Number of protein chains: 2
Amino acid sequence: PALFDYRVWVIASDGDMMEGVGSEASSLAGHLRLGALNVLYDANHISIDGSTDLAFSEDVAARFAAYGWHVQTVEDGNDLDALHLAIEAAAAERTRPSFIRVHTVIGFGSPKKAGTAKAHGEPLGAEAARATKRALGWPEEAEFLIPDEAREAFAAARKRCEPHHAEWRRRHDEWAAAHPELAAELARRARLELPAGWQERLPVFPAGASLATRAASGKTINAIAPAIPELLGGSADLAESNQTTIEGGGDFEAATPAGRNMRYGVREHAMGAIMNGLALSGLRPFGGTFLIFSDYMRPSIRLAALMRQPVIYVFTHDSIFLGEDGPTHEPIEHLPALRAIPNLVVLRPADANETAAAWRVALERTDGPTALALTRQKLPTLAEAVERAATGVARGGYVLADAEGGTPQLLLLATGSEVHVTLAAQKLLAGEGIRARVVSLPSFELFARQPPEYRDSVLPPTVERRLALEAASPFGWDRWVGPSGLVHGIARFGESGKYEDLAVHFGFTAGNVAAMARKLL
Amino acid sequence: PALFDYRVWVIASDGDMMEGVGSEASSLAGHLRLGALNVLYDANHISIDGSTDLAFSEDVAARFAAYGWHVQTVEDGNDLDALHLAIEAAAAERTRPSFIRVHTVIGFGSPKKAGTAKAHGEPLGAEAARATKRALGWPEEAEFLIPDEAREAFAAARKRCEPHHAEWRRRHDEWAAAHPELAAELARRARLELPAGWQERLPVFPAGASLATRAASGKTINAIAPAIPELLGGSADLAESNQTTIEGGGDFEAATPAGRNMRYGVREHAMGAIMNGLALSGLRPFGGTFLIFSDYMRPSIRLAALMRQPVIYVFTHDSIFLGEDGPTHEPIEHLPALRAIPNLVVLRPADANETAAAWRVALERTDGPTALALTRQKLPTLAEAVERAATGVARGGYVLADAEGGTPQLLLLATGSEVHVTLAAQKLLAGEGIRARVVSLPSFELFARQPPEYRDSVLPPTVERRLALEAASPFGWDRWVGPSGLVHGIARFGESGKYEDLAVHFGFTAGNVAAMARKLL
């Protein structure tokens, strides 16, 4: 038998059956024929507002059959024999995920609250708890009682299982002795350690070439993927746009479970949730969608942050400069909304080398998720960043191009594609004798974590004239710019148009930035 | 026949079938037996990444049957007779929503791109467009051609329908003449005007009483609901917790379509989407859930803002002070994440009278949505706010309690429940001869919109020592506090505990605020 053949058991509620994320994930599980997945649906017919008759009368078992699942119903959740048989049948079914609808009574045994919403939304209370114990033949005064019968049953189970565990350990050790390299690899992954020397594969992009940061991300992924076998890619039906495909990695499908590219379909929320599960099982998953659709998966992003799981989000088409798709596809508030999540690192690299550095940060994190915001449009690879990006990005912000001829009169702060506009504005201003420093600030979180001396060296407190440029909601920028500064963002929805036209329309041009800078001084 | 008996037709794609929000809404539509709703599912088997075989192999028709829909399949979308018959059968079915799966070929007629993802993600291009026209027997050079045959068919349809329209107008006018008050009411609603004098019903809460802002919201709703018949309530299975029930309004269910309370089930995303539809049809919907679950419905909130629809979100349990449910239920980043959305007004009232004022703002908005953030825990009704709340909240921020004995040395800014902590801190500081002004700032957006003179009168630029207090991520507060100030928020996830204990643990006590204030000075 295989060394790893565990099954996954889920206990789900009526509410779980109503939430869309469960529908998305269950549809995909059926498609992928995940035979090791088993769901026990605790169908107690009650949610917080009362009977599910208020809002939920679909045939859940028929729905799961439509997803391609193996479906059973247990009419009475207290019929342990029926439950046992159903669980055995589910475990025996290895080519489809299994769904067992178990009809139960919420608050079973409580004379007044059984089968009512009161047993869901609030504690039973002392009196009702006593009445319930009485009805169930349980000692009324016991607060935390393990009956001998239960203790014996668990002890017997332990005795029964110990030889199985010993046998598994024996097989594992035998395997480890026969395959020392594989065993070391397994131990490495369990420690969430990356393979030695993987960083040497990170690409260095020559200055001058023109490529979108999403393209630089795709090249980075493919440069490092051969060295990091636990890296598992995927996209919510935008693999080509997100440039997330591990070339030659194959698709993860029912017939090809060693594939390294997940095909999540148009299911961003499930993608986020599934990546959490993949990370919890020791893989290093990344998944792509457009930045605008990060909204669909926020609850899962939050859980990754809360559970300290190193999931990586590849969010491309990261501004109005995606162009013609218009305001429904143009992110505005998404960068600040992501920056507000505790323990999420958001990185918006300015060029190809900053992108490679951002990937390094993301992979070296082991205690939380990372979101990469990447451009659709091409950007020149900056000579300034070739050597500086690696350490600069890791610190969240750095001086990309300092003022020439003395202390800067002005700081120009930007992220991503807008860094290029500030560089051009810096040149215009230099022509007029104005000394401006350009600071690339790919990550608020990483920069905020630096010692004050470093932050002050990048943003000298004495230079109060500061102009921040980002094609997104200006919300949250004041921290870096202060009351004597100016944030040029987009505090409204976007427009459809060619990205060069949108740049003029929204004032993201060197000329406009220089004009705003002059006014500030 | 009824004056309003229109049907709703939806054309949906494979992607729409994969997204969870569609599953949620379709399950509810089946439950509610929405016979006027009809979906044509354009099953072309292609999404952006390629064949839907990659990720989507469920039986969609069986799924909709499980939801309780009337389901048909048209094997060939170009078989107009079959399509016509299916549409007629769908229209005739008035007790269940109808689902017509129509098998089609994407890019039909294009010799090279028909049936491929290329026809989805990119334009055909000049050459392929010409080849397609050739294959379809269409004039190759025509750029925008309406053939005579089509022109005649549309002209005939117009001729056929004009008498129906005239007949409807006649019936409408007859009805309006017979029911002038109802006709005036209909016209009023079409103008999105509220009934004259509705504001007089807004409650004034006496100082000293102790109630949660969610409770004040519930009382406000029930005070005004009789005067505003287009107000339609609801909750995502948290009606009692959110206090969103219109008492005596009845539930909107299949058998009671005049009910004023929607039972959305545990389906926040669908609730947001459905409220957008309700608003677009002239109703004034509000819907409740916990603030933490606003994440589930962000795409719908964004669309309300983009479409300028006056949807109202009742987000209760608005901080860690909800207590024992712990970090999965305690919002942290949600206030800033909502504040970042353009054209959304976020209001976090500090007491009962600020809550009534917030409802007034929300209802008087006609060009965009409003989110109310309300407490679970009780709060005293402030003497200071009884008269000042109405105008103060409408301006987004105001001086709630000024320093006594001269110009303030310090500003204490807060929203919601934390306003009470700053008031207590103000008293402690006054005892030490420190003059602090307390500013209640329920809405960043409304305050930002005020003339600079007003803003400066509330936050005098000369008073640079400022302390902001909010039990949420501090992200975005720097705008009001500046570099000489301090923001005391929660830049991490919450903890489970009694709310009084959490207040101490996270430093939201008068003593700690006074200590921080002393340090600032």
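The values are calculated or read from the model by the stated rules, or taken from the named source; none is laboratory data. Since the model is a prediction, treat every value here as computed from it, not as a measurement. Positions of Cβ are generated from backbone atoms using ideal geometry, with glycine treated the same way; all protein chains shown enter the neighbour counts. What goes into the accessible areas is simple: the full protein's heavy atoms, side chains included, and nothing from ligands, DNA or RNA. Shrake-Rupley method; radii C 1.70, N 1.55, O 1.52, S 1.80 Å.
At-a-glance table
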read-out: Protein heavy-atom accessible area occluded, B/A pair - total, 1.4 Å probe, Å²; value: 5600 Å²
read-out: Average beta carbon contacts from partner chains per residue of B:473-486, 10 Å cutoff; value: 5
read-out: Gyration tensor verdict on the protein assembly as shown (Cα atoms; rounded if a/c is under 1.5, prolate if a/b is larger than b/c, oblate otherwise); value: rounded
read-out: A:Met516 - accessible surface, heavy atoms, 1.4 Å probe, Å² rounded to 10; value: 30 Å²
read-out: With all protein chains modelled, accessible area of A:Asp79 [1.4 Å, Å²]; value: 70 Å²
read-out: Cross-link pairs beyond the 25 Å C-alpha cut-off, checked among A:Lys498/B:Lys133; A:Lys118/B:Lys378; A:Lys378/A:Lys498; B:Lys427/B:Lys519; A:Lys133/B:Lys498; A:Lys112/B:Lys219; value: A:Lys498/B:Lys133; A:Lys133/B:Lys498; A:Lys112/B:Lys219
read-out: Accessible area, probe 1.4 Å, largest first, for residues B:His165, A:His269; value: B:His165, A:His269
read-out: Partner chain coverage, peptide A:511-519 - average Cβ within 10 angstrom; value: 0
read-out: Solvent-accessible area lost in complex, 30 Å² minimum, residues of region B:248-290 relative to chain alone, 1.4 Å; value: B:Arg263, B:Val266, B:Arg267
read-out: Gyration tensor (alpha-carbon) shape descriptor, region B:401-488, a/c threshold 1.5; value: oblate
read-out: Amide hydrogen neighbours beyond the local backbone of A:Ser47, cut-off 5 Å, H modeled; value: A:Thr52
read-out: Accessible area in square angstrom per residue, chain B, 1.4 angstrom probe; value: 42 Å²
read-out: Surface share of carbon and sulfur [accessible, 1.4 angstrom probe, percent] for the protein assembly as shown; value: 56 percent
read-out: Label geometry 7 Å along the beta-carbon vector: A:Ala176 inter-copy distances in nm; value: 8.4
read-out: Heavy-atom accessible area ranking, 1.4 Å probe, most first, across B:Lys112, B:Lys498; value: B:Lys112, B:Lys498
read-out: Pair B:Val504, A:Ile146: separation of 7 Å Cα→Cβ label points (nm); value: 3.2 nm
read-out: Within 10 Å of each Cβ in B:12-25, the average number of Cβ atoms from other chains; value: 6
read-out: Cβ-derived FRET efficiency at R0 25 Å, A:Glu88 paired with A:Arg171, nearest 0.05; value: 0.60
read-out: For A:Pro123, net neighbour charge (Lys/Arg +1, Asp/Glu -1) across residues whose Cβ lies under 15 Å away; value: +1
read-out: Calculated FRET efficiency for the pair B:Glu193/B:Lys427, C-beta based, R₀ 45 Å, to 0.05; value: 0.50
read-out: Part-to-part distance (alpha-carbon centres) for region A:325-346 and region B:243-297, which is given in Å; value: 27 Å
read-out: Distance cut-off 16 Å, percentage of C-alpha pairs in region A:71-167 lying past it; value: 72 percent
read-out: Hz values of 3J(HN,Hα) by residue in region B:108-122 - Karplus curve (6.51, -1.76, 1.60), Gly and Pro given as x; value: 3, x, 7, x, 9, 10, 4, x, 10, 5, 4, 6, 9, x, 9
read-out: Region A:196-319: relative contact order as a whole-number percent, Cα under 8 Å and 6+ apart; value: 23 percent
read-out: Estimated vicinal HN-Hα couplings, Hz - region A:361-378 in sequence order (Karplus 6.51, -1.76, 1.60; Gly, Pro = x); value: 4, 4, 6, 7, 6, 10, 10, x, x, 9, 10, 9, 9, 10, 7, 7, 7, 6
read-out: List A:Val10, A:Val60, ordered by accessible area with a 1.4 Å probe, largest first; value: A:Val10, A:Val60
read-out: Which of B:Met17, B:Pro180, B:Ala114, positive extreme of dipole for the protein assembly as shown (C-beta unit charges); value: B:Pro180
read-out: Whole-Å distance, taken between Cα centres, linking region B:132-163 and region B:164-222; value: 45 Å
read-out: Whole-Hz ³J(HN,Hα) from phi, Karplus 6.51 cos²θ - 1.76 cosθ + 1.60, for region A:189-202, glycine and proline x; value: 5, 5, 7, 6, 8, 7, x, 4, x, 4, 5, 5, 7, 4
read-out: Cα centre as origin, Lys/Arg/Asp/Glu Cβ charges: region A:1-101 dipole, Debye; value: 600 debye
read-out: Nearest beta-carbon to the B/A symmetry axis - residue in chain B, distance in Å; value: B:Gly20, 1
read-out: Region A:166-275: C-alpha gyration tensor shape, a/c 1.5 cut-off, then a/b vs b/c; value: oblate
read-out: Area of A:Arg33 that stays accessible when all protein chains are in place (1.4 Å probe, Å², to 10); value: 130 Å²
